[in-house]
Amino acid sequence: SKFTGRSRVTVYDPQIVDADHSNESLAGLLAHAIERQCISVVYQPIVQLGTGEVLGYEALMRLKGSNGRLVKPDVFIPVAEQNGAIVELGAWVFEQACADVARYKLTGIVAVNISAVQLKAPGFALRVAEMLARHGLAPRQFALELSERGDILGQSQAAQAVEQLRSLGVQIWLDDFGTGYAGIDCLRRFDLDIVKIDRSFLPERQCAQDVRMLEGMIQLLRSLGRTVLVEGVETEEQKALLEELDVDLIQGFLIGRPQPVGEIVGIENSEVA
Ligand code: C2E
Ligand code: CA
Ligand code: CA
Ligand code: CA
């Protein structure tokens, strides 16, 4: 099935509603989120710009608040990182992604966000390897999205975990490129499969300076032999610009919103863009 031409210009994501939670009540919510089944995973398609072919999906965590509405990840993830809850929540997301791939026989790559706190936790690499093996899945079908915003290179334990998983065959992607301090260093240190340029670098309208900036970033990544993904594509104009700049992969509301696994099964192997 195809969903060609379903272009959306809206920025507002109706799936996400802000709930008023203090950090304290959020921490309580996070502590029991798994047993109370308040967390879930949604998947957003990633497509080849040239062919529209689906390369895979980014797995994104969703948390239901006590009022039944979703809490923004930008609100609860930082709290979970601070109090360490992200270690268990993140593992739950990876486990769920494995279960979904196995159950629905998904063939696309699934990219899972991993925070620096998880990477530094003892046994992280072993835990990921164990989940893949238990579900009988090829490591190559999974990617870890490491955000350069976090302190991913701060401790040798984190770099070691990355190397271990990389040698197992798991893909390593760099997320939010351009927004942090670690980006250039990461490019040198890790053999990255894909680099995701943060959506803040994707101009809403064609502004010569912004376009040149984006072009420069793409050229840098290209010259280093990296595959370039631009996220946050919302309009046909942006897509046309990225075609001009010869970007490999795109992701954004224009192509598809994050959705439950049941909804992405239908778009497996179809052309989207
Ligand atoms: P991110 O990794 O940069 O993920 C992309 C975010 O952009 C997602 O927001 C996604 O819904 C949103 N997005 C996708 N396409 C568009 C678009 O065209 N326009 C706009 N305006 N937004 C778009 P979300 O799901 O709210 O997640 C926010 C952040 O929370 C993520 O940013 C990531 O840093 C973090 N996060 C989400 N799930 C997880 C997780 O399982 N583990 C960890 N550690 N972090 C997560
Ligand atoms: Ca991400
Ligand atoms: Ca990102
Ligand atoms: Ca981002």
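So here's what we get for this one:
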quantity	calculated
Where Asn113 falls short, out of the listed (1) surrounded by fewer than 16 Cβ atoms within 10 Å (Cβ to Cβ); (2) modelled with pLDDT of 95 or more; (3) not β-branched (Val, Ile, Thr)	(1)
Qualifying strands (runs of 3 or more DSSP E) (wholly inside region 40-153; at least 1 residues being among the β-branched types (Val, Ile, Thr), over 21 Å from Ile194 (Cα atoms) and more than 14 Å from the chain's Cα centre (by Cα))	none
Filter result for Glu88 (open to solvent by 50 Å² or more (accessible area, probe 1.4 Å), away from ligand 3 (no atom under 16 Å from the Cβ), more than 17 Å from Glu163 (Cβ to Cβ) and in contact with a His (Cβ under 9 Å, 6 or more places away or on another chain))	no
Complete set of residues in region 58-75 that are in contact (Cβ under 8 Å) with a residue 24 or more places away in the chain and farther than 30 Å from Ala133 by Cβ	Lys64, Gly65, Ser66, Asn67, Arg69, Leu70, Val71, Lys72, Val75
Residue check, Leu144 within 15 Å of ligand 2 (Cβ to nearest atom) and modelled with pLDDT of 95 or more	yes
Selection status of Leu192, more than 22 Å from Phe253 (Cβ to Cβ) and within 16 Å of ligand 1 (Cβ to nearest atom)	yes
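For every residue, the table says whether it meets (1) touching an Asp or Glu at 6+ places or on another chain (Cβ under 9 Å); (2) within 16 Å of ligand 4 (Cβ to nearest atom); (3) under 16 Å from Leu174 (Cβ atoms); (4) not aliphatic (A, V, I, L, M).
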residue	(1), (2), (3), (4)
Gln219	no, no, no, yes
Leu224	no, no, yes, no
Leu229	yes, yes, yes, no
Val233	no, yes, no, no
Gln238	yes, yes, no, yes
Glu243	no, no, no, yes
Ile255	no, yes, no, no
Pro258	yes, yes, no, yes
Gly262	no, no, no, yes
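The values are calculated or read from the model by the stated rules, or taken from the named source; none is laboratory data. Computed from a predicted model, the values in this text were never measured in an experiment. FYI the Cβ positions are ideal-geometry reconstructions off the backbone, even for glycines, and counts take in every protein chain you see. Calculation scope for accessible area: heavy atoms of the full protein, side chains included, ligands and nucleic acids excluded. Shrake-Rupley method; radii C 1.70, N 1.55, O 1.52, S 1.80 Å.
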